[in-house]
């Protein structure tokens, strides 16, 4: 997979625009779902997904082939998602909206058509939005993306011990919150 | 919270030391209650997990790339405008400096300036008109006629028995316009002229 990614990057850097399309098609869903879980709604996730792909297009020339493309993309998604959360917090601070209810309203443009999945996603999202972003991020990477602590450490730059502690707290809170809802 | 939940979560988070882990696993092998509690927590976590991403509208994912491409194209345009905006004054300044330093003004203008000063200081109006504005002595109308004489040299078709001066009259004299020239011809003459004109024209076309 990594060799194929490197091949695509090289082609893109040589001017092959189709190679970029292939990279996008390969990673767009992973980018979207990570952002979606982090941000809790489709509109923000869509914005971050596009931002990440634009950054990818502009910065691929700086890719140093030291890590996998997957790790590198996740770094961008992670940073952009956390930035978006900060932006929203600032926005909510200055607006009259009740920040507690920011994720309550149903997203009219939600792309999840299946009702069962949608309900499950809503339940998880509501719980996830109530834990700190750093814990949320690790919970998502461990639980949904099945990443090892080593991989998460490469992406976030945090120590493995710190990640384990964060995951423990995240698990505890999420289970409490979802048990309450049930 | 169940009594072992904290330990179970530590175990699942890989937060236990090696000795704690060994101890926990020994207990797990012996205690059915602990095993059930671990299963409960695990199933709770699994209920939140998506083995596959939720089924979503594929049209959305199909549309991402075109939208990204569109945004990139817009950014490129904006960047070009931005650069143009910032560089235009610099380019203009450089151009002006180049003209001042290397432009034709330094070589040519002093010559004209000297000539102008000579004319103003030393030469009378009459001399100026005689020596410097000689071209203006000729009739502007003549110059115009010379320039446009080619357009007036109409080619008369071969075999057409109309005198050249008829054409000249037709073109030079305002009174002798096409209508007055042709009105003087009889119907039969007109017919001949028409036939000759059309045969001459068709021959020219065939050539």
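FYI, it's all coordinate maths here, none of it is from the lab. As the structure is a prediction and not an experimental result, all values here were calculated from the model. Note that each Cβ is placed from the backbone with ideal geometry, even for glycine, and that neighbours are counted across all protein chains shown.
Structural remarks
- Look at the stretch A:113-123: the mean tally of other chain Cβ atoms within 10 Å of its residues' Cβ atoms is 3.
- Residue mean of other protein chain beta carbons inside 10 Å, A:167-180: 4
- When restricted to Cα atoms, chain A yields an Rg and a Dmax of 17.3, 55 Å, respectively.
- Mean shadow area of region B:5-48, taken as a quarter of the surface of its Cα convex hull (nm²): 2.9 nm²
- For chain A, the 222 nm mean residue ellipticity estimated from helices alone, with every DSSP H stretch of n ≥ 4 adding -39500 (n - 2.57) and the total spread over all residues, rounds to -24500 deg cm²/dmol.
- Computed from the Kirkwood radius of its Cα pairs, the Stokes-Einstein diffusion coefficient for region B:1-103 at 37 °C and 0.692 mPa s stands at 159 µm²/s.
- For the segment A:19-27, counting C-beta atoms of other chains within 10 Å of every residue's C-beta and taking the mean gives 2.
- Inter-label distance, residue B:113 to residue A:79: 5.9 nm, where each label sits 7 Å from its Cα along the C-beta direction.
- Listing A:156, A:178 from fewest to most neighbouring C-beta atoms within 10 Å gives A:178, A:156.
- Degrees between helix A:115-128 axis and first principal axis of chain A (Cα, 0 to 90, nearest 10): 80 degrees
- Degrees between helix A:160-181 axis and first principal axis of chain A (Cα, 0 to 90, nearest 10): 40 degrees
- Using a Förster distance of 35 Å, the FRET efficiency for residue B:82-residue B:57 (Cβ separation, nearest 0.05): 0.45
- The order of A:18, A:55, going from fewest to most other C-beta atoms within 10 Å of their C-beta, is A:18, A:55.
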